[in-house]
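J.: One structure is given below, represented as structure tokens, and several questions about it will come after.
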Amino acid sequence: MTAEDLTAVAPALDNASRVAELEAAVAKQEGTEPGTTTGGGTPPLTSRQRVLLTAKDIKGMPDPKWIIRSILSENTLGCLFGAPGTAKSLTLLDLAAHIAEGTPWFGLTVSQSPVVYLSLEGQARLKGRIHAWEAVNGRDFPANVQFDLECLSMLEKGDVDAMIAAYPRDAVIFIDTVARSLGGADENKDMGRFVANCDRLREAVSGTVLLCHHCGKDESKGMRGHTALLGAVNVTIEIKRGQDKAQRVLHVHKNNFGPEEWDIGTFRLETVVFEPDNPESDTSCAIVPEETLAAQGHDPTPKETMIHGLRGNQSMVYDCYLKILQDKPKSAYGVTKQELKDAFYSEYKANAQAGKSPSRTAFYDAHTALIGKGLLMKHGEVFFLPGVTPETPPLPEDPQPEQGKLTGQEGCFSQSAHSV
């Protein structure tokens with residue numbers, strides 16, 4: 001072979017070497033021999049027959065099918081993200097219901113598809129959230145949404161294989177959240193493996209995967225963790241606070257198949273008290289688009305306006321709540337009933353006329369009214385703001401979870417051992 005011949009074949013040899021290296025890396029991860037068939041039945045890279053297409057072939061390919069018009073198409077990977085307390089899980093639950101029904105979502109056309117919701121945090125609140133969605137929307141939650149509440153790691157081949165075997169084809173798969181599904185692994189170092197397994201799941205079921213993720217410490221910089229995730233997803237949707245603390249805005253950033261940097265719509269949270277006559281009743285809430293509120297004749301007045309309009313004991317209880325929460329560490333998500341009650345009576349006595357005491361039901365009447373107005377929520381003995389999940393306080397932004405500890409599995413449970 002002449003020097004000219006070697007020069008001609010050098011690019012091909014270089015590509016073959018890279019393929020071999022990639023096969024070796026995949027085999028090492030999956031515990032197989034390089035060049036053998038992978039667990040999913042996919043032929044080794046070096047043995048696959050390449051199919052070359054012309055421009056005419058590509059133009060004749062079918063257009064992608066929209067799951068949500070202009071936002072999410074079939075067989076893609078997307079991500080919804082936001083800061084703690086922005087109602088990410090409530091938004092995903094509402095979206096899951098609309099996809100299962102095939103009903104418009106914020107005015108956008110939706111194609112009906114089966115849905116699998118992998119809920120890895122806040123499962124104990126899921127029952128209440130479904131009841132709240134039904135109460136707010138006036139219909140049963142669609143049976144076409146199936147929930148997976150089992151602990152798993154998207155980094156484990158066996159867990160992903162089990163998902164592939166159990167999940168229906170053509171499903172839209174919600175993974176809530178990225179952090180929990182990593183099983184305590186490093187969001188930076190292991191993000192490439194996570195994305196690869198999401199793609200393997202998506203391709204195996206011919207479905208669509210929508211992730212739920214946190215934003216970083218600096219919210220203006222978008223999603224938390226390695227940029228590999230941003231590069232891999234086809235669309236990113238951020239939930240952020242609007243003109244007041246109660247309003248939420250759904251904003252599209254990256255969008256490979258549609259317009260970018262636009263608002264889908266705004267919504268607020270409607271609180272549902274399960275037992276109105278029970279002072280200890282739990283509450284939950286569901287999202288309601290502001291356009292829906294306006295169409296129903298409700299005034300979507302910003303909650304801040306309502307807050308400034310509070311009077312008497314309601315104003316005092318709410319102010320006490322905010323003061324207590326402000327003095328707590330950032331990781332705290334709520335205030336206990338006893339803390340709030342003690343602060344209220346102390347504040348009342350400090351501002352009351354000499355010898356005047358609050359009525360026996362003053363605290364109960366005030367906090368019940370605040371719950372009814374959607375300004376506070378209550379779970380057990382803890383009061384918290386709408387959109388915060390009591391069982392899972394906001395995850396720390398930095399540093400990453402300590403290696404070797406399955407922090408991502410906290411809050412998970414086995415379906416056979418626990419019910420909600």
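Every read-out reported here was derived from the displayed coordinates using simple, explicitly stated rules and does not represent laboratory data. Keep in mind the model is a prediction, meaning the values are calculated, not measured. Counting neighbours? That spans all protein chains shown, and the Cβs are built from the backbone with ideal geometry, glycine included.
J.: Any idea how far apart Lys65 and Arg360 come out in nm if each label point goes 7 Å out from Cα toward Cβ?
T.: 6.4
J.: At 7 Å along the Cα-to-beta-carbon direction for both Ser111 and Val51, put a label point, then send me their distance in nm to one decimal.
T.: 1.9
J.: Past the 25 Å Cα-Cα mark, which pairs from Lys88/Lys245; Lys127/Lys254; Lys127/Lys328?
T.: Correct reply: Lys127/Lys254; Lys127/Lys328.
J.: Mind checking the dipole of the stretch 309-384: about its Cα centre, +1 per Lys or Arg Cβ, -1 per Asp or Glu Cβ, Debye to the nearest 20?
T.: Magnitude of the dipole: close to 100 debye.
J.: Something else: Calculate, in nm to one decimal, what Glu347 and Asp319 gain on full extension: separation in residues at 0.36 nm each, minus their alpha carbon distance.
T.: Full extension from Glu347 to Asp319 adds 9.1 nm.
J.: On to the next question. Go through the stretch 59-126 and name the trypsin sites (Lys or Arg not before Pro) that are in a DSSP coil and have 15 or fewer other Cβ atoms within 10 Å of their Cβ.
T.: When the trypsin sites (Lys or Arg not before Pro) of the stretch 59-126 are filtered for loop state and at most 15 Cβ neighbours within 10 Å, Lys65, Arg69 remain.
J.: Can you tell me which lysines have their Cα less than 18 Å from the Cα of Lys349? Leave out same-chain residues fewer than eight positions away.
T.: Lys349 reaches Lys323, Lys341.
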